[in-house]
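As C-alpha cells, the structure follows; a few thoughts come after it.
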Amino acid sequence: MMHELRQRCLQCHACPLARTRTSVVFGVGPERSDVVFVGEGPGQQEDLMGEPFVGPAGKLLDDMLSIIDLGRENSYIANIVKCRPPNNRDPLPEEQDACIGYLEEQLRILKPRIIVCLGRIAAQRLIHPEFRITREHGTWTQREGILYTAMYHPSALLRDPSKRPDTFQDLLALRAKLQSLRAGG
Ligand code: URA
C-alpha cells in the first residue's frame with residue numbers, strides 16, 4: 001500500500017513545486033514505527049538525495065533521536081510538503097493543501113502511536129492552526145487515538161542553540177511517553 005502511494009506521489013504535479021524539484025521526498029522509515037516525525041519540507045540536500053533530513057538539520061535530528069534511543073531504523077520521517085520550496089522558504093498554504101493528502105494517507109497506513117511535529121509549520125498543520133511553538137512545544141494532545149506533540153525544528157536549534165535545553169526536556173518527555181505506551185501495550 002505504501003509502495004503504491006509512493007509511486008503515485010513520485011508522479012505528482014499538483015502544485016508548482018513540482019516544476020523546480022529534483023526529487024520528490026516521500027518519507028522514510030519502517031511501516032511499524034510507533035513514532036512519526038514530521039518536518040516542513042525538503043531542503044537542498046533532501047531535494048538532491050530524495051530523503052528527508054539528510055542535510056545539516058538531519059544530522060542534528062539523528063543526534064536528537066540517539067539521545068532517546070531512537071534511530072531511523074525505528075521511526076518514520078516525513079514532511080508536510082514533499083517537494084522543496086525554492087530557497088527554503090516556508091511552504092505556502094496552497095502548496096500544503098495540495099500535498100497534505102499524501103501525508104494523511106501515510107499516517108493512515110502507519111497508524112503511529114505518536115506524531116512529533118518538528119517546528120511551527122508542521123504543528124500548525126497537524127495540531128492546531130494557531131500553534132505557537134515557543135509557548136506550546138512539549139505539550140501533548142490526543143486525537144483519534146494518536147498523541148501529538150511538537151518540538152523546535154532542528155534548523156531552529158542550529159540557528160539558536162539557546163533553545164536546546166528546552167528540546168532536551170521535550171525529548172526526555174517523548175522517551176517517557178513511549179516507554180509508558182510500550183509498557184501499557
Ligand atoms: N527541513 C525539513 O523540514 N525537512 C527536511 O526534510 C529537511 C530539512
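The values are calculated or read from the model by the stated rules, or taken from the named source; none is laboratory data. These numbers come from a predicted model, not from an experiment. Cβ atoms come from the backbone with ideal geometry, glycine included; neighbour counts cover every protein chain shown. Quick note on the areas: whole protein, heavy atoms, side chains included, nothing else; ligands and nucleic acids left out. Shrake-Rupley method; radii C 1.70, N 1.55, O 1.52, S 1.80 Å.
Listed values, structure above:
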| item | result |
| --- | --- |
| Failed item in (1) buried (at least 24 other Cβ atoms within 10 Å of the Cβ); (2) within 10 Å of the ligand (Cβ to nearest atom); (3) of a type outside the set (D, E, K, R); (4) farther than 15 Å from VAL116 by Cβ, with GLY39 passing the rest | (4) |
| Qualifying residue in region 156-174 (condition: part of a helix (DSSP H, G or I), within 16 Å of the ligand (Cβ to nearest atom) and free of Cβ contacts under 8 Å to residues at least 24 places away in the same chain) | yes |
| Qualifying residue in region 56-67 (condition: assigned to a loop (DSSP other than H, G, I, E, B) and either more than 16 Å from the ligand (Cβ to nearest atom) or surrounded by 14 or more Cβ atoms within 10 Å (Cβ to Cβ) (or both)) | no |
| Residue in region 1-12 that is over 26 Å from PRO129 (Cβ atoms) and at pLDDT below 95 present | yes |
| Filtered residues of region 128-151 (kept if surrounded by 12 or more Cβ atoms within 10 Å (Cβ to Cβ) and either within 16 Å of the ligand (Cβ to nearest atom) or assigned to a helix (DSSP H, G or I) (or both)) | PHE131, ILE133, GLU136, HIS137, ALA150, MET151 |
| Residue in region 95-117 that is touching a strand residue (DSSP E or B) at 6+ places or on another chain (Cβ under 9 Å), open to solvent by 10 Å² or more (accessible area, probe 1.4 Å), away from the ligand (no atom under 13 Å from the Cβ) and charged (D, E, K, R) present | yes |
